[in-house]
Amino acid sequence: MKSLRTVLVTAALAALAVTATPFTAHAADSPPAGQTAAVPNPPTGRLHAYYDYWYQNECGSWSGSAASWGECKNNAASLWNLRYPGSLDDVWVYYNSNYGGAGRGVYNGAGLPDLRDWSFGPGGSGAGKSLYHNIASHRVVNLP
């Protein structure tokens, strides 16, 4: 029975790793000295957006959904989902304000240090475009 539990736990962890892999960031630019995507950040309960790559020069942060990113709209170069783990801890970012156009999911805890490396999914305006300087709104969700 113990070995069955071990197999199930191992399978669950492997599935989680595969699910999270598309959101593991890699960067074309080098991180600032002493800072990498692997450096864990404690949850703040917020989604953070930054003007610059590698989480530099914060533009804004939100504790819930935002129909418009205000001055951050179409200005983010990196973002980090540091919402508290639990229900509704993931976010879906949108190409347009008011949750319109193409979107992309970002899991809880995921940091995207260079949004040029990520694109919107299919469907709606902005489909296939880079997230870099193209995020206008986001909604708090539970991703699969």
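Restricting to region 106-144, what's the tally of residues that are in contact (Cβ under 8 Å) with a residue 40 or more places away in the chain, in a strand (DSSP E or B) and either among the β-branched types (V, I, T) or within 19 Å of Y55 (Cα to Cα) (or both)?
Number of matching residues: 7.
Quick check on A77: is it of a type in the set (A, V, I, L, M), surrounded by fewer than 19 Cβ atoms within 10 Å (Cβ to Cβ) and at pLDDT 95 or above? Even if it seems obvious, please write down each step before you answer.
Details: of a type in the set (A, V, I, L, M): yes; surrounded by fewer than 19 Cβ atoms within 10 Å (Cβ to Cβ): no; at pLDDT 95 or above: yes.
Taking the combined requirement at face value, the residue does not satisfy it.
Residue-wise test of (1) over 13 Å from S137 (Cα atoms); (2) exposed (fewer than 14 other Cβ atoms within 10 Å of the Cβ).
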{"site": "A49", "(1), (2)": "no, no"}
{"site": "C59", "(1), (2)": "yes, no"}
{"site": "K73", "(1), (2)": "no, no"}
{"site": "V91", "(1), (2)": "no, no"}
{"site": "G123", "(1), (2)": "yes, yes"}
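Please indicate, with yes or no, whether at least one residue in region 88-106 is touching a helix residue (DSSP H, G or I) at 6+ places or on another chain (Cβ under 9 Å) and at pLDDT 95 or above.
The first filter runs over region 88-106 and keeps only residues touching a helix residue (DSSP H, G or I) at 6+ places or on another chain (Cβ under 9 Å), leaving 105-106.
Among the residues that remain, those that are also at pLDDT 95 or above are: 105-106.
Yes, that holds for at least one residue.
Starting from residues that are part of a loop (DSSP other than H, G, I, E, B) and without any contact (Cβ under 8 Å) to a residue 40 or more places away in the chain, keep the ones in region 83-100 and report whichever is farthest from K129 (Cα to Cα).
Keep residues of region 83-100 that are part of a loop (DSSP other than H, G, I, E, B), which gives 83-89, 97-99.
Applying the additional criterion that residues be without any contact (Cβ under 8 Å) to a residue 40 or more places away in the chain yields 86, 98.
Numbers: G86: 30, N98: 18 Å.
Checking each candidate, the answer is G86.
Exactly one of (1) of a type in the set (D, E, K, R); (2) touching a Leu at 6+ places or on another chain (Cβ under 8 Å); (3) under 13 Å from G45 (Cα atoms) is unmet by R104. Its number?
Of everything listed in (1) of a type in the set (D, E, K, R); (2) touching a Leu at 6+ places or on another chain (Cβ under 8 Å); (3) under 13 Å from G45 (Cα atoms), R104 misses just condition (3).
Can you work out which of the residues in region 29-47 that are among the β-branched types (V, I, T) and either modelled with pLDDT of 65 or more or surrounded by fewer than 12 Cβ atoms within 10 Å (Cβ to Cβ) (or both) is nearest to S137 (Cα to Cα)? Walk me through how you get there before you give the answer.
We begin by selecting, within region 29-47, every residue among the β-branched types (V, I, T); these are 36, 39, 44.
Within this subset, residues satisfying the condition of being either modelled with pLDDT of 65 or more or surrounded by fewer than 12 Cβ atoms within 10 Å (Cβ to Cβ) (or both) are 39, 44.
Details: V39: 26, T44: 19 Å.
Ranking the qualifying residues of region 29-47, first place goes to T44.
The values are calculated or read from the model by the stated rules, or taken from the named source; none is laboratory data. What you see is a predicted model; the values in this text were computed from it and never measured. Backbone-built Cβ (ideal geometry, glycine too); neighbour counts: all protein chains shown.
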